[in-house]
Amino acid sequence: MKQLLVLLAAFCAGHAVQTDLSEKVFSFPVPSSTAAVKLVPYSEEPLRALTMCMRFFSSLTRAQSLFSLAVPSQSNAFLLYKPSVGVYRLHVSGVSLELSGMPDDLTEWNSVCWTWDSTHGLTTLWVNGKRSDRKILAAKASLSGAPSIILGQEQDTYGGGYDQAQSFGGDITDVHLWSSVISPCEIRSFMDGGAFTPGNLLNWKNMQYSIAGPVYMEPRDFDKLSCF
């Protein structure tokens, strides 16, 4: 009875559920201006450093959003956007930079980690075990207010403003978010599918989320990532 009441409470609170998503993927099979997954972080404290890691599988060559975090004062507070094959655009607090020549596989899973520290604005992107040069982005910035975190869409407004032309197509799994810059060894372990400390803001093994539009939860394929 207690479990039933918890599930009913989650349903009434915007259909949010909290569960272990190990070996699960969110699948976005068609272009859509409504398909989105909202992730609920564990904390709403001001953010001055972040690491986000995820895996995605997509054959799209057009622009698409991979991870969108907005705060009430800034829709592009922490946005990982992919304009084209091998090109990633990083946005922090409305400031952006573009990285080209990054690894990109249209037929396999891609593992991505992105670190940012506001102290000096140092930011680094890791894709499939290869890292970018360190760059400076939004030094001294602080991301304040309740984060709105969306998979599958870019937020042009806080919690909305979706554009089908920027929607993600494919599968997403293993999303973690930390309120610090994690070590290169932890990043390498994530990339290799080994043991690592789960995110303290988002943890794929204990995630609260809600789904809108044509998004489907599916078992992850039995590839090398599924066998660790």
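Things worth noting here:
- Considering only 153, 64, 164, the Gaussian network model of the chain with Cα springs below 10 Å gives its largest mean-square fluctuation to 164.
- Equivalent ellipsoid, the chain (semi-axes from 5 times Cα gyration tensor eigenvalues, Å): 24, 21, 19
- Ranking of 68, 73, 210, 32 by count of other Cβ atoms within 10 Å, fewest first: 73, 210, 32, 68
- For segment 46-151, the spread of Cα positions along the three principal axes, ordered from largest to smallest, is 38, 26, 18 Å.
- Burial ordering of 81, 158, fewest other beta-carbon atoms within 10 Å first: 158, 81
- Gap separating the Cα centres of segment 16-32 and segment 167-221, nearest whole Å: 11
- In terms of other Cβ atoms within 10 Å, 122, 50, 69 run from fewest to most in the order 122, 50, 69.
- Entry note, the chain: the mean residue ellipticity at 222 nm calculated from DSSP H runs of n ≥ 4, each adding -39500 (n - 2.57), is -2500 deg cm²/dmol after division by the residues and rounding to the nearest 500.
- Proximal charge balance of residue 141 [Cβ under 11 Å; K/R count +1, D/E count -1]: +1
- Pairwise Cα distances in segment 129-208 exceed 22 Å for 44 percent of all pairs.
- Three-way shape label, segment 92-176, alpha-carbon gyration tensor, a/c 1.5: oblate
- Mean separation of Cα pairs under 8 Å and 6 or more residues apart, divided by the residue count, gives segment 16-222 a relative contact order of 38 percent.
- Computed FRET value (nearest 0.05) for residue 42 with residue 20, which takes r as the C-beta separation and R₀ as 22 Å: 0.90
No value in this document is a laboratory result; all are computed from the given coordinates. These figures come from a predicted structure and were not determined experimentally. All Cβ positions, glycine included, derive from the backbone under ideal geometry; neighbour counts span all protein chains shown.
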